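Read through the structure below, which is laid out as structure tokens, and then see the notes.
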Amino acid sequence: MSQKQIIGVFDDESLVVNAIKKLQERKISVKDVYGPYASHDILSLVTKPSRLPHLAFLFGAGTVIGTFAFLYYTAVIDYPLSYGGKPIFSFPPMVVVIYLATILLTGTLSVFTFLGISELYPGKKAEMPGEGVTDDRFYLIAEDYDDTETTSAKLMKESGALEVKQKE
């Protein structure tokens, strides 16, 4: 069986939402939706929950531990300085450095993780399914197999698609 993509072109967000619901009721996989603006209704139907917040928490915890270990190593083990009767290791001044390093590294690692997962990199050519996708049209892309091709195309037409295309 060859895998095909059925592309439905819509001009209204509510029609796209209805088409997605109909396709998902029939267990037809919706690959992606392209549109002129972000829609929370479409996003909640098509995407799965992100694990990026969990990764950001792990990045933050690792940064706190790593920064503390580095500061402790440099202040106590590698180059201890005792001046003016102050203790060699003093935690309160390190709080600011740990806090700022955590924000910087957690944000940076989260951005690069997102770009890696999304396969976004400099010089990547944009893949647009058709004309008008950034102007005023919504493109609903459903992955299909030969046996359900007519079903998904018919469902999209019934939902109010202006045009239904097929792509290998």
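The values are calculated or read from the model by the stated rules, or taken from the named source; none is laboratory data. Note that the coordinates shown come from a computational prediction; the quantities given were computed from them, not determined experimentally. Cβ coordinates were reconstructed from backbone atoms using ideal geometry, including for glycine residues, and neighbour counts include every protein chain displayed. When the accessible area is computed, the model is the full protein with side chains, heavy atoms only, and any ligands, DNA or RNA have been set aside. Shrake-Rupley method; radii C 1.70, N 1.55, O 1.52, S 1.80 Å.
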Which listed pairs, of Lys27/Lys165; Lys22/Lys125; Lys124/Lys157; Lys48/Lys124; Lys21/Lys165, have C-alpha distances above 30 Å, in listed order: Lys22/Lys125; Lys124/Lys157
Output ³J(HN,Hα) for the stretch 29-34: one whole-Hz value per residue in order, computed from phi by the Karplus curve 6.51 cos²θ - 1.76 cosθ + 1.60 with θ = phi - 60°, and x for Gly and Pro. 6, 9, 6, 6, 9, 9
If the viscosity is 0.692 mPa s and the temperature 37 °C, what translational diffusion coefficient in µm²/s does Stokes-Einstein give for the chain when Rh comes from Kirkwood over Cα pairs? 164 µm²/s
List the longest stretch of the chain that has no exposed loop site; here a site is one of the trypsin sites (Lys or Arg not before Pro) assigned by DSSP to anything other than H, G, I, E or B, with at most 14 other Cβ within 10 Å. 52-123
Can you give the extra length, in nm with one decimal, that the chain gains between Arg51 and Asn18 once fully stretched, where that is 0.36 nm per residue apart less the Cα-Cα distance? 9.1 nm
Determine how large the accessible area of Glu25 is when every protein chain is in place; take a 1.4 Å probe and give Å² rounded to the nearest 10. 140 Å²
Accessible area in square angstrom per residue, the chain, 1.4 angstrom probe: 69 Å²
State the extension gain, in nm to one decimal, for the chain segment bounded by Ala126 and His40, taking 0.36 nm per residue of separation less the distance between their alpha-carbons. 28.7 nm
Report the accessible area of Val97, computed with a 1.4 Å probe over the heavy atoms of all protein chains in place, in Å² rounded to the nearest 10. 70 Å²
Using a 10 Å cut-off on Cβ atoms, rank the peptides 100-108, 42-50, 6-14 from the highest mean neighbour count down. 6-14, 100-108, 42-50
Each label sits 7 Å from Cα toward the beta-carbon; between Ser29 and Asp135 the label points are separated, in nm, by 3.2 nm
Calculate, for Lys167 and Tyr73, the FRET efficiency according to 1/(1 + (r/R0)^6) with r their C-beta to C-beta distance and R0 35 Å; round to the nearest 0.05. 0.05
Candidate residues Tyr139, Tyr34: accessible-area rank, largest first, probe 1.4 Å: Tyr34, Tyr139
A correct Karplus calculation of ³J(HN,Hα) over the stretch 73-86, with 6.51 cos²θ - 1.76 cosθ + 1.60, θ = phi - 60°, whole Hz and x for Gly and Pro, returns 4, 6, 7, 10, 8, 7, 9, x, 10, 10, 9, x, x, 7
Report the full-extension gain for the segment Lys154 to Phe91: residue separation times 0.36 nm, less the Cα-Cα distance, to one decimal in nm. 16.0 nm
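Membrane-span-like helices in the chain: DSSP H runs reaching 24 Å or more (Cα, own axis), mean Kyte hydropathy at least -1.0? Let's see the in-between values first.
On the way: long enough: 52-72 (29 Å, 1.51); 92-117 (38 Å, 1.91).
What comes out of the filter, once short or polar helices are dropped, is 52-72, 92-117.
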Report in % the part of the accessible area of the chain that belongs to carbon and sulfur, leaving out ligands and nucleic acids; probe 1.4 Å. 61 percent
